[in-house]
1. In whole angstrom, note down how far apart the Cα centers of segment 79-98 and segment 143-169 are.
2. Amide H to amide H under 5 Å from T59: which residues, 5+ apart in sequence or cross-chain, H placed 1.01 Å off N in plane?
3. Cut-off is 10 Å between beta-carbons; in what order do Y78, Y95, Y106 appear when sorted fewest neighbours first?
4. How would I117, I58, I66 line up from fewest to most surrounding beta-carbon atoms within 10 angstrom?
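No lab work stands behind these numbers, since they all come straight from the coordinates. Quick caveat, the model's predicted, so the values are computed rather than measured. As a convention, Cβ positions derive from the backbone with ideal geometry for all residues, glycine included, and neighbour counts pool all protein chains shown.
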Amino acid sequence: MKAMPQTQERRKIHPSHHSLSAGRTFLPAALGLLLLAACSACAHTILRENPGRLTPVITVMPGISIDTPGFVGALEPYFAGMRAGPDRTIELCVYGHSRGRELFLYSGDEQVPVQNIEESMNIAVLIRIRKSGKTEQVLFAEASAEGEERLLDNAARKIAAKLSDAGFGTGFTPRP
């Protein structure tokens, strides 16, 4: 009796499926690596250096318009009490920002100035923790608020919470 040749069933792989064993973690990891590479190519801002305390490097992606000095000011109270070993660094990369919706209100009264209201603003920040020059952990923080000052305060609070969860104590709890 002759052996029948075995046939293999060919499946068409749907574009949203891939054969990597990482499954659903592949896309976020790939996006994180892409953001890290892009952040490395951007201009950096550094909080005022202070020996003995953690000083993050802050990067804002091209095309994103935020108040960088305001962002640094919002972060400083959190980083003032943060400590880490001399071989650990933190990089913050602002990769997403939306001004949301701006409303201009005119009452019709010439004596009352036009009001400007900013709604649903948001910001997205990649947090890269490095040890001895190598990436140890990558975190993401997102915040939203009405108005840019409140948005930057919320972003600083979210970043501090993520870093606290990662083992960096801030020693400071600003207003909620």
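1. Each part's Cα centre sits 12 Å from the other's.
2. Result for T59 returns T45, L92, C93, V94.
3. Details: Y78 23, Y95 20, Y106 10.
So the ranking, lowest neighbour count to highest, is Y106, Y95, Y78.
4. Details: I117 12, I58 22, I66 17.
Ascending Cβ contact count within 10 Å gives the list I117, I66, I58.
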